[in-house]
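Step one of this worksheet: look at the structure below.
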Amino acid sequence: MNRRTAFKSLLITSGGLITLPLWMQSCGISDKNTHNSSFSSDDQALLAAITDTIIPTVNGMGAVAMGVDKYMQKLLDDCYEKPAQDNFKKQLQALDAASKKTYKNSFASCTQQQCKAALLAFSTSKIKEEKDFFDLMKSETIHGFNTSQKVLVDFFNYKVAPGHYYGCVNVNA
């Protein structure tokens, strides 16, 4: 092989590897990107209050502390179709309106007991959309909490690769 060709190939490859991180940043590929939510700031606060009511923060572990409200926003924006998203937002507003009517306060400003009572009213509602909203909120809040990294590692003692692999073991045959 020609040394000049090999040297030129080596320089081109090295230059490509050196600039690769810059290319990846310019493409916007990163773990730390924020999610542009379709929820308004009031809806986000309401969603945080609901998740905090379902799993309150105790000893630094709770739904809001684990970011379950952000998980719910991303889940609804990315995994549900537009009619389901609109219905969810409509039920958020209905829950807030019911809290204002019953307790003269928005859901996010109510006490923990009042929030529980308002959610329980939705869980036993005869209106299918309200019951479905509650069931979705409860199941996805629990799922998001149980699958958060801190809960898996600190509470469930999850290990990515449990045990040890012994590659060379004598086998008696």
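Rule-based calculations on the coordinates, nothing more; no lab input. What you are looking at is a predicted structure, and each value in this text was computed from that prediction instead of being measured. Note that each Cβ is placed from the backbone with ideal geometry, even for glycine, and that neighbours are counted across all protein chains shown.
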TODO: With +1 on each Lys and Arg Cβ and -1 on each Asp and Glu Cβ, and nothing else charged, work out how big the dipole of segment 41-155 is about its Cα centre, in Debye to the nearest 20.
DONE: 400 debye
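Over the Cα atoms of segment 41-155, what is the Rg over Rh ratio if Rh follows Kirkwood?
Rg/Rh for segment 41-155 comes to 0.96.
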- [ ] Order by neighbour count: S37, S123, fewest other Cβ atoms within 10 Å first, most last.
- [x] S123, S37
Open item on the list: How charged is the neighbourhood of Q91? Take every other residue with its Cβ under 12 Å from the Cβ of Q91, and add Lys/Arg as +1 and Asp/Glu as -1.
Closed with: -3
Task: Sites T102 and Q149, calculated FRET efficiency, Cβ-Cβ separation with R0 45 Å, nearest 0.05 - done: 0.75
TODO: Please identify the helices of the chain, taking whole runs of DSSP H, that span at least 18 Å along their own axis as judged from the Cα atoms and have a mean Kyte-Doolittle score of -0.5 or higher.
DONE: 3-27, 41-54
